[in-house]
Amino acid sequence: MAELISQGSLVRYYCTYGKGMEPFLIDEVKRKLAAEDVCQISGKVLFSSSAGIDRVSELKAAERLFLLLKKDSPVLLPAHTNQAKASSVLQSRVLGDKDQWSSAVMTWSRLQGELSGRRRTTVKSQSTALGVTRKTGEEGRGSEELKREIVEREGQTCGAEAQTLEKKRKRDEGGNESSIDKNAEDQRTSERDRKRHCEEEDEEERKGLSICRQNGKKGIISETDLCGTGSVCDHATSGLHHNVEGSGRNVDNTPEDLTVQKVEHGKTTEGRDETLLQPSLIKPEPPSPAAVTFRISCKCTGSLSRYYSQQEVSRVIGVGLSRLMGWKADLKNPQLEVHVYLSDDNCLVGFPLTRLPLANRSYIKTTGLRSTVAWAMASLAQIQPGFCVVDPMCGVGTILIEAAQEHQDVCFLGMDIDDGQLKKANENVEFAELGNRMHLLKASSMTLPLPSSTVDAVVCDLPFGRKFGTKTDMAANLPLILTEMERVLCIGGTLVLLLSPQLSCVLKKLLAQKDTGPTSNQEAKPGKQDCPSPSLSSTKQQTSQIQQGVTSPPTQETEPPSGLQHSPPPPLSSLKHQTTLRLSLGAIDGLLHKYVKMDT
Ligand SMILES: C[S@@+](CC[C@H](N)C(=O)[O-])C[C@H]1O[C@@H](n2cnc3c(N)ncnc32)[C@H](O)[C@@H]1O
């Protein structure tokens with residue numbers, strides 16, 4: 001039974017997400033948007049909500065947001081179907097009813113209008129409040145955000161930024177391309193970068209330490225694809241010309257449009273990126289359903305993909321949509337991008353609602369960890385008002401900044417040993433206007449300058465991957481780092497760690513060691529992965545030195561009177577495992593671990 005978009009204020013959406021983020025996204029749409037009919041299919045979470053588009057577009061666990069046109073049963077072509085028959089089945093199954101398309105495009109236009117209106121209001125009020133006008137030619141923060149989209153774990157700002165990103169930034173700043181063109185180009189560049197990062201990971205992969213899983217390429221039809229054959233070429237070309245002229249007229253003749261164009265591609269005097277919620281529609285006025293220009297972006301998996309390329313399917317659907325609606329295909333500057341997903345399980349059609357991924361954050365200047373993952377870490381920490389939250393290896397501060405967006409009355413402390421990282425973190429804190437509740441400190445995570453049992457939550461993304469952790473042996477340091485985290489946490493406090501699969505293996509061994517004792521651990525058979533052997537006994541000694549030397553006044557740390565003397569609990573014995581989740585960090589995976597400190 002086909003699932004249609006809802007009429008009235010209840011709108012049916014879907015979001016894409018990074019691997020492993022689905023539980024966070026499902027929880028978020030239910031909690032923040034009171035979403036109904038939430039379900040998850042092939043890398044997407046579908047939901048209905050009557051919340052305003054401003055709130056929907058602020059989802060933190062999602063990558064991209066779409067308006068759902070239809071979700072239907074899979075398109076299955078009978079064996080030995082000739083091409084004409086196959087095209088006809090595809091068109092009728094994917095496209096269906098004309099009214100459904102008209103209605104969907106009206107809803108999409110309305111949402112686009114609301115997003116544009118919201119942006120206009122925000123920019124206007126910011127400029128008015130400051131009594132200043134936006135300078136032309138200022139560098140758009142959107143370019144910074146675009147970098148983030150393609151920066152994988154290996155390219156986090158802790159390391160050198162790839163040259164390709166800089167080139168891309170410059171290209172983005174050129175501002176001549178249409179937003180949708182840029183988007184398609186971004187996707188291609190992103191794909192190239194992902195490949196490159198995957199190649200960089202080859203060495204680790206061989207060791208079995210990381211996994212590079214590439215998604216199937218999207219079937220965005222190129223002009224060459226479309227113009228390769230017959231009648232579709234005529235359609236496409238005429239549509240292209242029609243739209244270029246049309247869009248020129250619209251922009252030139254409408255002062256309101258001009259204003260919006262300027263605002264959307266610039267930044268405010270505060271330097272915040274106002275392009276992030278830029279709707280996917282290039283022209284702000286809603287198109288009449290009779291005059292839409294479109295492009296099909298198709299992803300095809302399963303049996304269908306064995307017989308037809310994504311380009312072929314896109315072309316057939318494009319021709320059908322032109323016929324059904326009288327719309328023109330326009331590959332370069334379409335008003336509407338139609339996303340079609342065909343698998344053995346489903347047929348899904350939708351329209352993107354924002355040009356850039358929701359995962360691009362307007363409040364972060366320099367990104368480190370992928371923002372969705374940082375947000376997930378903060379949400380796992382179950383932060384409450386009045387909490388003190390510490391990230392002892394904060395980098396540029398992404399996790400704490402994500403946490404601070406969600407929690408007001410909380411004190412955040414970020415520490416790092418690297419001056420460069422702390423400088424960027426400081427800029428981020430200023431940019432996000434969090435200076436009053438986020439503090440930064442240069443310190444080593446192996447000797448935290450904090451009293452014992454004073455922190456409510458520790459969140460930490462440890463260095464790993466090719467560009468991190470090469471100088472220091474994190475596996476060897478992990479026992480001491482964890483022991484320090486355990487020490488500063490108060491009873492009931494939460495520890496959330498992001499580790500590589502290799503470091504997770506070390507962690508597992510350490511925790512097994514605290515349960516069974518070092519002797520039995522030495523006898524234990526090695527795990528599947530070849531982990532360096534951590535030692536808790538040396539950690540115990542080091543920790544005791546740290547406690548005496550750094551944190552505790554002598555009155556609290558003096559030996560108890562003889563008779564009452566008992567040995568302190570072994571390191572890490574108070575940490576109780578809660579959950580472990582595997583998340584994609586782009587080219588490699590990370591494991592998210594949550595522990596709670598128990599009273600021993
Ligand atoms: C993976 S990065 C953290 C990235 C961070 N989550 C962000 O979003 O920017 C790890 C950080 O740990 C820091 N680091 C490495 N060894 C450290 C130590 N012993 N004490 C404190 N920080 C350390 C590095 O300087 C780096 O910034």
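Some points to look at:
- When the residues of segment 38-66 are filtered to those that are in a helix (DSSP H, G or I) and of a type outside the set (K, R), the one that is farthest from Q100 (Cα to Cα) is D54.
- Summed over segment 439-450, residues that are open to solvent by 60 Å² or more (accessible area, probe 1.4 Å) and among the hydrophobic types (A, V, I, L, M, F, W, C) total 1.
- Candidates L76, L90, filtered to the one that is under 19 Å from C300 (Cα atoms), out of contact with any strand residue (DSSP E or B) (no Cβ under 8 Å at 6 or more places or on another chain) and open to solvent by less than 20 Å² (accessible area, probe 1.4 Å): L90
- Residue within segment 30-37 that is in a loop (DSSP other than H, G, I, E, B), loosely packed, with under 15 Cβ neighbours inside 10 Å and at pLDDT below 95 present: no
- Out of L356, L331, L324, sole residue that is open to solvent by 10 Å² or more (accessible area, probe 1.4 Å), assigned to a loop (DSSP other than H, G, I, E, B) and among the aliphatic types (A, V, I, L, M): L331
- Only one of the listed residues (F66, F47) is touching a Pro at 6+ places or on another chain (Cβ under 7 Å) and hydrophobic (A, V, I, L, M, F, W, C). That residue is F66.
- Taking segment 487-496 as the range and being open to solvent by less than 20 Å² (accessible area, probe 1.4 Å) and touching a Lys or Arg at 6+ places or on another chain (Cβ under 8 Å) as the test, the residues that pass are L489, G493, T494, L495, V496.
Residue by residue, here is whether (1) under 27 Å from the mean Cα position of the chain (by Cα); (2) closer than 21 Å to F387 by Cα; (3) open to solvent by less than 50 Å² (accessible area, probe 1.4 Å) holds:
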position	(1), (2), (3)
A404	yes, yes, yes
D409	yes, yes, no
F412	yes, yes, yes
D419	yes, no, no
L422	yes, no, yes
V429	yes, yes, yes
R437	yes, yes, yes
S452	no, yes, yes
V459	yes, yes, yes
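- When K71 is tested against the conditions (1) part of a helix (DSSP H, G or I); (2) buried (at least 17 other Cβ atoms within 10 Å of the Cβ), the lone failure is (1).
- Scanning segment 369-383 for residues that are buried (at least 24 other Cβ atoms within 10 Å of the Cβ) and of a type in the set (G, A, S), we see that the one that is farthest from the chain's Cα centre (by Cα) is A378.
- Within segment 384-393, considering residues that are open to solvent by 10 Å² or more (accessible area, probe 1.4 Å) and within 20 Å of L450 (Cβ to Cβ), the one farthest from the ligand (Cβ to nearest atom): G386
- Whichever residue in segment 410-468 is of a type in the set (D, E) and assigned to a loop (DSSP other than H, G, I, E, B) and, among such residues, is farthest from the ligand (Cβ to nearest atom): E433
The values are calculated or read from the model by the stated rules, or taken from the named source; none is laboratory data. Model, not experiment: these values are computed from the prediction. Don't worry about glycine lacking a Cβ; one is built from the backbone with ideal geometry, like all the others, and counts go over all protein chains shown. Just so you know, the surface numbers come from the protein's heavy atoms only, side chains and all, with ligands and any DNA or RNA stripped out. Shrake-Rupley method; radii C 1.70, N 1.55, O 1.52, S 1.80 Å.
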